[in-house]
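What follows is a single structure, written as structure tokens, with notes after it.
The values are calculated or read from the model by the stated rules, or taken from the named source; none is laboratory data. Computed from a predicted structure; not experimentally measured. Glycine also receives a Cβ, built like all others from the backbone with ideal geometry; neighbour counts cover every protein chain displayed. Just so you know, the surface numbers come from the protein's heavy atoms only, side chains and all, with ligands and any DNA or RNA stripped out. Shrake-Rupley method; radii C 1.70, N 1.55, O 1.52, S 1.80 Å.
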Amino acid sequence: MPSLVFADAHLHSSPKGLGALRIARKFMERGGWFLALVMLPPWHYGVSISRKDAMEGYRRAIEIFLNECKAAKSTGVKVACLAGFHPAEIDKLIGIGFSPEEVLAIGEKILEIEAGLCKEGVLDGIGEVGRQHYKSMPERFAISTSLMIRAFEYARDNDCLVHLHLENAGSVTVNTVDNLAALVKTPRRRVVFHHASIRVARASTSIGYYATVPGKKELLRRLFTENISSLQRLMIESDYIDDPKRPCVSSCPWEIIENQLSLLNEGIVDEDVLARLNIDNVSKYYGVEPP
Ligand SMILES: [Zn+2]
Ligand SMILES: [Zn+2]
């Protein structure tokens, strides 16, 4: 067994899938020490949002998510918990008949609840917020932007982390986010560019942001050979969504471990770099004691 330990810096769980308890156990068995668990939109938990009382469904979803967090923590693995309002939720709510004004108000209310939980220390951060990475309508991008700004304000005031879900357009993506964060005066060190491409990872981490890169083998191979991994503030994520109908659709958390170990065996990466990505950068960003 290798002495290395591994982190998954952004993943999801659902009681409809394996659930956080089984995920955390399996991840630990393979050498995992840290998980950043991020809330999924309510429908992934089997919670539907009604036209009459959207907040009721969202409150239930937050409760389910907090239970998932508790379950993961009970295994002894270190866990950070983030809840947000995913850009896809904007499209979903408009699709079921909410007006843009209503969706903005719902999103603001949810972020307010989550920021309160952050302040109390129940949550470590807000995520995911950001922008749709697919074709959508202009007014929906406007809602996304307002909510991202709101999340930045809470991150600044309540000592919260933020995970951003964005299009991957290299320095173009990083530039708009950096302008917003600077206007709000949100410290760069609290913000993660999640599911980052190599270009976004390079542009964001080089100016003080953190980034999580999907732990797909070929992407990691590029990351290690292009030597961006020598940079600070880079972490690896599975972005696992724990959907039994789409198993390992992004990656499974244990697969990102296998991929790193297999690249280590090939001599593409060394133990020092893996320790930096899985321990140093993770403990710095999430403020957790290294294992
Ligand atoms: Zn995402
Ligand atoms: Zn995600």
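Listed values, structure above:
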| quantity | calculated |
| --- | --- |
| Inter-probe distance in nm under a simple model that places probes 7 Å from Cα toward Cβ, at residue 113 and residue 245 | 2.4 |
| Residue-normalised accessible area of the chain, given per residue in Å² at a 1.4 Å probe | 42 |
| Kyte-Doolittle mean at least -0.5 and Cα axial length at least 24 Å: DSSP H helices in the chain | 54-73, 100-120, 138-158 |
| Reach of residue 16 by Cα under 28 Å, taken over lysines that are not fewer than 8 positions away in the same chain | 26, 52, 70, 73, 78, 92, 109, 216, 217, 245 |
| Expected 222 nm ellipticity per residue - DSSP helices of 4 or more, -39500 (n - 2.57), all of the chain, to 500 | -15000 deg cm²/dmol |
| Cα convex hull of the chain - mean projected area over all directions, nm² | 13.7 |
